[in-house]
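Taking it in order: structure first as structure tokens, then the write-up.
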Amino acid sequence: MVADASMASVVGYKRAWSRAMLWKIRNQSRRHGLLAKKSNSHANRLRKSKVVKPKIAKTENFDQASELRKLVPGGEAMEYSNLLEETAHYIKCLTTQVGIFDELVKGEIVDI
Amino acid sequence: MSGRRSRSTQASAVSRITDDQINDLVSKLQQLLPEIRDRCSDKVSAARVLQETCNYIRSLHREVDDLSERLSELLATADPAQAAIIRNLLMQ
């Protein structure tokens, strides 16, 4: 969860997948009452921007992509071409994240 | 012929993405997948690319989860100052 949050907030609102992830995280926090009332304006701003609410996308190449849509945040509602682009970026971020965590873990082990 | 034209006009009204652009995006994705990139230099089917992409994302998720867990355990027993720095980095 923390890994997701830090990765998504670094990317910010530049990508549909990171917006979807941030939106989901903020909603979860709100439900747990962790954020103050002003989080409502945050959520509203997110909604008015390009955050997409879950809806079934149109039909083209979808049977192949249905599995992928479940793995990429916000993937369910994306156009097929967007999905491909977002997936590429998402994978790059995930591999970067793995590299960073790996370094952190190795660093910790060496120091201890 | 006119039937096809009107269909494609409808399609481009909805989205201007061509098949070529889709193929281009698929091959970009292919370049990111170690399984395919290292083994098959020939063109691979889009379906295969999507399948391998799903597998790759799932394995990356597993790696992140595994490393997160190890990191949490290490932070719990590590030097407090060092742990605090790393936690700040991760928590933004």
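The values are calculated or read from the model by the stated rules, or taken from the named source; none is laboratory data. Since this is a predicted model, take the numbers as computed values, not measurements. Every residue, glycine among them, receives a Cβ derived from its backbone with ideal geometry; neighbour counts consider all protein chains shown. Accessible surface areas use protein heavy atoms only, side chains included; no ligands, DNA or RNA. Shrake-Rupley method; radii C 1.70, N 1.55, O 1.52, S 1.80 Å.
General observations
- Each of B:Glu35 and A:Gln28 was given a label point 7 Å from its Cα along the Cα-to-Cβ line. The distance between the two points is 2.6 nm.
- Flagged links, alpha-carbon separation over 22 Å, of A:Lys106/B:Lys28; A:Lys70/B:Lys43; A:Lys24/A:Lys70; A:Lys14/B:Lys43; A:Lys14/B:Lys28: A:Lys106/B:Lys28; A:Lys70/B:Lys43; A:Lys14/B:Lys43
- Accessible surface, 1.4 Å probe, highest first, among residues A:Thr96, B:Thr77, A:Thr87: B:Thr77, A:Thr96, A:Thr87
- Linear extension gain, A:Glu79 paired with A:Val11, 0.36 nm per residue minus alpha-carbon span: 22.4 nm
- B:Asp65 paired with B:Lys28, simple spin-label distance in nm, labels 7 Å along Cα-to-beta-carbon: 3.0
- Only protein heavy atoms count here, probed at 1.4 Å, and on that basis chains A and B bury about 3100 Å² of accessible area in total.
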